[in-house]
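Notes to accompany the following structure.
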Amino acid sequence: MKENREDIELGKFISLILRHSPETIGITLDENGWAKVEDLIEGINRARKRIDFDTLERIVKENNKQRYSFNDDRTKIRANQGHSIEVDVELAESIPPKHLYHGTSKRFIDSIMDLGIQKQSRQYVHLSMDFDTALSVGKRHGKPIVLKIDSIRMFNNGHKFYLSKNKVWLTDSVPVEYIVIQSNNQ
Ligand code: HQG
């Protein structure tokens, strides 16, 4: 099912809370990034946005990028990746594919080709499995450009890679030597 507009708006608010600033609604996350579902629902309602458990369940299920997970008994919820706050979401260390892609803005290229891809405010650098996903990530920042990453060579040289539950590849940083600028095809 495609998400409706209110669910998309609520989802953005939930991402803000679970990835960056739970204090916005006066709640806390535990060391593994979990919020109590009850706290999240009460906090969002205190912020004058309406949500109940059924709506939250629908958002978790239908979110276009599968950004959130419940624990087994659905008493806790967390974001699968994308955090700026220091939490340990128990990411799976994995062997990456031969290549991964990073979408960014053209205006960052000089700096990236100087310093490499850095995680900036988030816990990790985010990499995509395919060119088109990376292109849409890049568009969020302005005129997009896609960088192809020699991920298996990075891995073989000792860099760790993690695959989040919603299939985003994460790593600490990408040094310049592993980056190839792509034009508009793969
Ligand atoms: C850039 C979204 C200058 C980097 C997406 C990026 C993703 C540099 C920006 C997830 C740099 C950081 C993450 C350097 C990196 N000099 N700029 N040395 N190194 N940058 O938002 O990867 O929809 O923190 O290229 O789909 O854009 O929210 O990272 O442009 O998966 O679920 O600094 O967020 O997911 O921007 O996006 P971000 P991102 P959601």
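The values are calculated or read from the model by the stated rules, or taken from the named source; none is laboratory data. Bear in mind that the values here come from a model prediction, so they are computed numbers and not experimental data. FYI the Cβ positions are ideal-geometry reconstructions off the backbone, even for glycines, and counts take in every protein chain you see.
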In this structure, does Ser69 turn out to be touching a helix residue (DSSP H, G or I) at 6+ places or on another chain (Cβ under 6 Å), within 14 Å of the ligand (Cβ to nearest atom) and not assigned by TED's automatic domain parsing to the domain that holds Ser151? no
Long-range neighbours under 7 Å by Cβ, at least six apart or interchain, first residue in contact (Cβ under 8 Å) with a residue 24 or more places away in the chain within segment 39-54, second loosely packed, with under 12 Cβ neighbours inside 10 Å and in a loop (DSSP other than H, G, I, E, B): Gly43/Gly26
How many of the residues making up segment 99-117 are surrounded by fewer than 15 Cβ atoms within 10 Å (Cβ to Cβ) and either under 13 Å from the mean Cα position of the chain (by Cα) or under 24 Å from Asn156 (Cβ atoms) (or both)? 2
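Just checking, does segment 103-113 include any residue being within 30 Å of Ile77 (Cα to Cα) and either without any contact (Cβ under 8 Å) to a residue 24 or more places away in the chain or not in a loop (DSSP other than H, G, I, E, B) (or both)?
yes
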Of the numbered conditions (1) of a type outside the set (Asp, Glu); (2) more than 10 Å from the ligand (Cβ to nearest atom); (3) buried (at least 19 other Cβ atoms within 10 Å of the Cβ), Leu135 satisfies every one except a single condition; which is it? (3)
Yes or no: Ile179 over 20 Å from Ser105 (Cβ atoms), of a type in the set (A, V, I, L, M, F, W, C), at pLDDT 95 or above and surrounded by 12 or more Cβ atoms within 10 Å (Cβ to Cβ)? no
Can you list residue pairs whose Cβ atoms sit under 6 Å apart, with the first residue in segment 123-136 being on the phi > 0 side of the Ramachandran plot and modelled with pLDDT of 95 or more and the second being assigned to a loop (DSSP other than H, G, I, E, B) and surrounded by fewer than 17 Cβ atoms within 10 Å (Cβ to Cβ)? Count only pairs 6 or more apart in sequence or on different chains. none
May I ask you to verify whether Arg74 is modelled with pLDDT of 95 or more and either loosely packed, with under 14 Cβ neighbours inside 10 Å or part of a strand (DSSP E or B) (or both)? yes
Out of the residues in segment 16-34 that are hydrophobic (A, V, I, L, M, F, W, C) and under 13 Å from Ile44 (Cα atoms), state the one that is surrounded by the most Cβ atoms within 10 Å (Cβ to Cβ). Leu18
Picking from Asp130, Asp172, which residue would you name as being surrounded by fewer than 19 Cβ atoms within 10 Å (Cβ to Cβ), in contact with a strand residue (DSSP E or B) (Cβ under 8 Å, 6 or more places away or on another chain) and closer than 22 Å to Gly33 by Cα? Asp172
Just checking, which of Ile27, Ile14 is assigned to a helix (DSSP H, G or I), among the β-branched types (Val, Ile, Thr), at pLDDT 95 or above and touching a strand residue (DSSP E or B) at 6+ places or on another chain (Cβ under 9 Å)? Ile14
Out of all the residues in segment 138-165, which are charged (D, E, K, R) and within 12 Å of the ligand (Cβ to nearest atom)? Lys139, Arg140, Lys143
Here is a check on your reading of the model: is Ile152 in the same structural domain as Leu29 (by TED's automatic domain parsing) and either in a helix (DSSP H, G or I) or closer than 30 Å to Leu40 by Cα (or both)? no
Condition (residue is of a type in the set (Val, Ile, Thr) and part of a strand (DSSP E or B)) applied to segment 84-97: is it met by at least one residue? no
